[in-house]
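The values are calculated or read from the model by the stated rules, or taken from the named source; none is laboratory data. Since we're looking at a predicted model, the values are computed, not measured. Cβ atoms come from the backbone with ideal geometry, glycine included; neighbour counts cover every protein chain shown. Side chains are part of the model used for accessible areas, which takes the heavy atoms of the whole protein and leaves out ligands, DNA and RNA. Shrake-Rupley method; radii C 1.70, N 1.55, O 1.52, S 1.80 Å.
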Amino acid sequence: MKAEAQVYEKINTVICRDAVEASEQVAREIIDLIRKRSEESKPVVLGLATGSTPLLLYKRLIQAHRDEGLSFKNVITFNLDEYYGLEREHPESYWKFMHDQLFDHIDIPAENINLPDGRVPRDEVFAYCQNYEKQIEEAGGLDIQILGIGRTGHIGFNEPGSSEDSLTRMVTLDHLTRKDAARDFQGENAVPRNAITMGIGTILKAEKIYLMAWGQAKAEIISKAVEAEPTGVLPASFLQLHKNATFYIDRAAASELTRIKRPWLVGPCDWERVLIRKAVIWLARERDKPVLKLRDADYSEFGLSELLTDYGPAYDLNIAIFNDLQRSITGWPGGKPDADDTYRPERALPKQKRSLVLSPEPLIAEMGMGATIRRLVSQGHEVTLAHLCSGNLAVSDRDALYAAEFASSVIAEEGDSNGGTGSRIPVLKELREKSPYEDASPTVRAFKGLLRKNEATTTGMALKLESKQIRHLDLPFYEKGRYRRFKPEEDDVAILVELLREIQPHQIYMTGHQSDPSSLDAVSFGLFKQAVDEVKADDWWQDCRVWLYSPSDSLMPCHETEMSVPVSPDELQEKVMAIYNYHTQRSQVPGIENQEAWDVARSLGRKAAEEIDALGLAEYEALERFQHWKEQA
Ligand code: F6R
């Protein structure tokens, strides 16, 4: 029977601590089934997915093979989908992905592996797809289907508009899906327009379905798929029609489910501080009233009578939350010297702090906290802005070519005016000849990295940092890797540890704590945590506070915010102009469509201010939000 808290949920949903725990649970189901069938000398038929979501699952299956003697000899696999038009050996083909991430590391017989073939001639695709369906049937049907979910709500490549009866077929990819894949392909132009995918009907025929999802970016689509009515506009919602589908999700991806977002609507609550804040802020929004005008009746009519009984009357609750919010707003992110800091987010001493701002790649910190960086500098703190990676993967060939042509003509011009013949820069030839489908060579990547590092330095200087305060750490995991396949190692941690020990900061600013675990932000945050583990016995660490800032594509929720730094109209303009220096990052904010980074930063900052204003606090132009990292000890 369904727990009371899950009344709104139409699909069995398991919320796990993190992606590792969730992947372990799904892996267990698969491992147990493989063992059971192997004892009965029967095959197991698995439907598999690609993308970043199942990476930990595959890692766990490989481990079970290597360390626990699990054999995959009795396993037959059918993959969900494949890009149309890609060679198998293309670095982004799903064929390559599956071999790299799973098949090459287990003992599955090659003839048991089935993936749609993206090279089938157009006029044979229909028959090919029919045959794929037939092969699944002949194998006995799918025992378990593994799924991820796209931001459009797609499963496989069944984009919005797909019918619940659809079968394996050729589809056109949604614009948003292509945009999300642009980073992997190093440019949207290089992302194929079509794919072959199993249909929703094919998926629904599986005996059991496990859908996994990680990170804040999936939260909204998960809540709709689980709680809204099934509709073709959101293909994953059709999974509600299956009797044996389970969603395994992490806490961040669960954050929009009613039982997490508004737990008071589904049962008794443990009213800790953040939850009270969340409830009162929500109520004020629902009633469209400032906090101080909420009445007892508002609380009871909106399902908050339990809170009212425990902490009311409304007047007390309102005042407590109003003060709490008010105190989180400070123009002194480094602490206000000589002021009583009992209720201030940051301590007063030492007066001049060493503040270390860590940015997974250039642009992230500048978007999340550009105005705060500027403020810390002007208030006399010793600020270092360190970019963990160069961000070269996010520079398009077109921008690199433009820069190389320009650099080359400057050199030629100088050469001519000096009486020489001028010279061309070596990377130019390579860029001129490079096709969009080809991977960037180390020279091209280094050149693209140089572009972003220069943009970062110019941006930092616009925020009043001196160039020596801006560091480019070039962590090896990034320079060697590609999106979703980063393999951070010991030497990455060592570089961070060295930086921390050199600076011995009083404050560190970082982000990535709620991102998809395979994203650059989350990988960077993971490395940061490892570095912290190494330094946490150091003396200086005992006096260091870590602040988390908002990711570049969304706002930290108001109720989680513990420090809000006001941004005046001039400061906002200055921040926007600073970010403007990222010429190669036009329309490149991952997850945001057709908006420039500076527009996104401006509108998120304004939105934070509007939210505070609507709650009845002061009216600011914009705010930047921060949260104290609790796992620090
Ligand atoms: C992959 C697939 C897609 C992905 C989805 C999520 O074979 O069919 O539906 O599962 O796009 O992708 P990630 O896991 O990369 O977020």
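Might you let me know whether the stretch 341-364 holds any residue that is aliphatic (A, V, I, L, M), closer than 23 Å to Leu623 by Cβ and open to solvent by 70 Å² or more (accessible area, probe 1.4 Å)?
At the first step, the residues of the stretch 341-364 found to be aliphatic (A, V, I, L, M) are 348-349, 356-358, 363-364.
So of that shortlist, the ones also closer than 23 Å to Leu623 by Cβ come out as 348, 356-358, 363-364.
Right, trim to open to solvent by 70 Å² or more (accessible area, probe 1.4 Å) and you get none.
There is no residue in the stretch 341-364 that is aliphatic (A, V, I, L, M), closer than 23 Å to Leu623 by Cβ and open to solvent by 70 Å² or more (accessible area, probe 1.4 Å).
Could you check Phe103 against (1) open to solvent by 50 Å² or more (accessible area, probe 1.4 Å); (2) more than 13 Å from Gly47 (Cα to Cα); (3) without any contact (Cβ under 8 Å) to a residue 60 or more places away in the chain and say which number it fails?
Phe103 satisfies every listed condition except (1).
Inside the stretch 167-191, can you point out the residues that are touching a strand residue (DSSP E or B) at 6+ places or on another chain (Cβ under 9 Å), open to solvent by less than 10 Å² (accessible area, probe 1.4 Å) and more than 12 Å from the ligand (Cβ to nearest atom)?
Val191
Quick check on the stretch 197-215. Is at least one of its residues of a type in the set (D, E, K, R) and buried (at least 22 other Cβ atoms within 10 Å of the Cβ)? Break it down into steps so the answer makes sense when it comes.
Taking the stretch 197-215 first, the residues of a type in the set (D, E, K, R) are 205, 207-208.
Filter once more, so that each one left must be buried (at least 22 other Cβ atoms within 10 Å of the Cβ): none.
No.
State whether the residues of the stretch 295-314 include one that is free of Cβ contacts under 8 Å to residues at least 24 places away in the same chain and either touching a Gly at 6+ places or on another chain (Cβ under 8 Å) or assigned to a strand (DSSP E or B) (or both).
Within the stretch 295-314, one or more residues are free of Cβ contacts under 8 Å to residues at least 24 places away in the same chain and either touching a Gly at 6+ places or on another chain (Cβ under 8 Å) or assigned to a strand (DSSP E or B) (or both).
Out of curiosity, is Asp81 acidic (Asp, Glu), in the same structural domain as Val26 (by TED's automatic domain parsing) and crowded, with 23+ Cβ neighbours inside 10 Å?
yes
Just to be sure I understand, how many residues within the stretch 56-69 are surrounded by 21 or more Cβ atoms within 10 Å (Cβ to Cβ) and either aliphatic (A, V, I, L, M) or not assigned by TED's automatic domain parsing to the domain that holds Gln130 (or both)?
3
Quick one: would you say Ala614 is among the hydrophobic types (A, V, I, L, M, F, W, C) and within 21 Å of Glu256 (Cβ to Cβ)?
yes
Give the residues of the stretch 84-100 that are surrounded by fewer than 17 Cβ atoms within 10 Å (Cβ to Cβ) and over 18 Å from Arg485 (Cα atoms), sorted by residue number.
Across the stretch 84-100, the qualifying residues are Gly85, Glu87.
Just to be sure I understand, how many residues within the stretch 233-267 are surrounded by fewer than 21 Cβ atoms within 10 Å (Cβ to Cβ), of a type outside the set (A, V, I, L, M) and touching a Pro at 6+ places or on another chain (Cβ under 7 Å)?
Within the stretch 233-267, residues that are surrounded by fewer than 21 Cβ atoms within 10 Å (Cβ to Cβ), of a type outside the set (A, V, I, L, M) and touching a Pro at 6+ places or on another chain (Cβ under 7 Å) number 1.
Between a residue in the stretch 48-76 that is on the phi > 0 side of the Ramachandran plot and within 16 Å of the ligand (Cβ to nearest atom) and any residue that is open to solvent by less than 30 Å² (accessible area, probe 1.4 Å) and not in a helix (DSSP H, G or I), which pairs come within a Cβ distance under 8 Å, given they are 6 or more apart or on different chains?
Gly51/Gly148
If you check Ala228 against the conditions, is it among the aliphatic types (A, V, I, L, M), more than 27 Å from Lys42 (Cβ to Cβ) and open to solvent by less than 10 Å² (accessible area, probe 1.4 Å)?
No.
Could you say which residue among Arg482, Arg452 is in contact with a Phe, Trp or Tyr (Cβ under 9 Å, 6 or more places away or on another chain) and touching a residue at least 40 places away in the same chain (Cβ under 8 Å)? Spell out how you get there, then give the answer.
Numbers: Arg482 fails: in contact with a Phe, Trp or Tyr (Cβ under 9 Å, 6 or more places away or on another chain).
Every option except Arg452 fails the conditions.
Suppose we filter the stretch 483-535 for residues that are at pLDDT 95 or above, touching a strand residue (DSSP E or B) at 6+ places or on another chain (Cβ under 6 Å) and part of a loop (DSSP other than H, G, I, E, B); how many remain?
Here the count works out to 3.
Go through the stretch 70-98 residue by residue and tally those that are of a type in the set (Gly, Ala, Ser) and more than 20 Å from Met170 (Cβ to Cβ).
Number satisfying all stated conditions: 1.
Looking at this structure, is Tyr83 among the hydroxyl-bearing types (Ser, Thr, Tyr), under 30 Å from Tyr437 (Cα atoms) and without any contact (Cβ under 8 Å) to a residue 60 or more places away in the chain?
Criteria not met by Tyr83.
Would you mind telling me which numbered condition in (1) touching a helix residue (DSSP H, G or I) at 6+ places or on another chain (Cβ under 6 Å); (2) open to solvent by less than 50 Å² (accessible area, probe 1.4 Å); (3) of a type in the set (Asp, Glu) Asp143 fails?
Against the list (1) touching a helix residue (DSSP H, G or I) at 6+ places or on another chain (Cβ under 6 Å); (2) open to solvent by less than 50 Å² (accessible area, probe 1.4 Å); (3) of a type in the set (Asp, Glu), Asp143 comes up short only on (1).
Suppose the filter is more than 14 Å from the ligand (Cβ to nearest atom), touching a Pro at 6+ places or on another chain (Cβ under 8 Å), open to solvent by 10 Å² or more (accessible area, probe 1.4 Å) and farther than 21 Å from Gln595 by Cβ; does Glu164 pass it?
Judged against the criteria, Glu164 is a match.
Restricting to the stretch 440-472, give me the number of residues that are open to solvent by 10 Å² or more (accessible area, probe 1.4 Å) and not in a strand (DSSP E or B). If you could, list the steps in order and put the result at the bottom.
Initially, the stretch 440-472 is screened for residues open to solvent by 10 Å² or more (accessible area, probe 1.4 Å), giving 440-443, 445-447, 450-451, 453-455, 457-458, 461-462, 464, 466-472.
Applying the additional criterion that residues be not in a strand (DSSP E or B) yields 440-443, 445-447, 450-451, 453-455, 457-458, 461-462, 464, 466-469.
Final tally of qualifying residues: 21.
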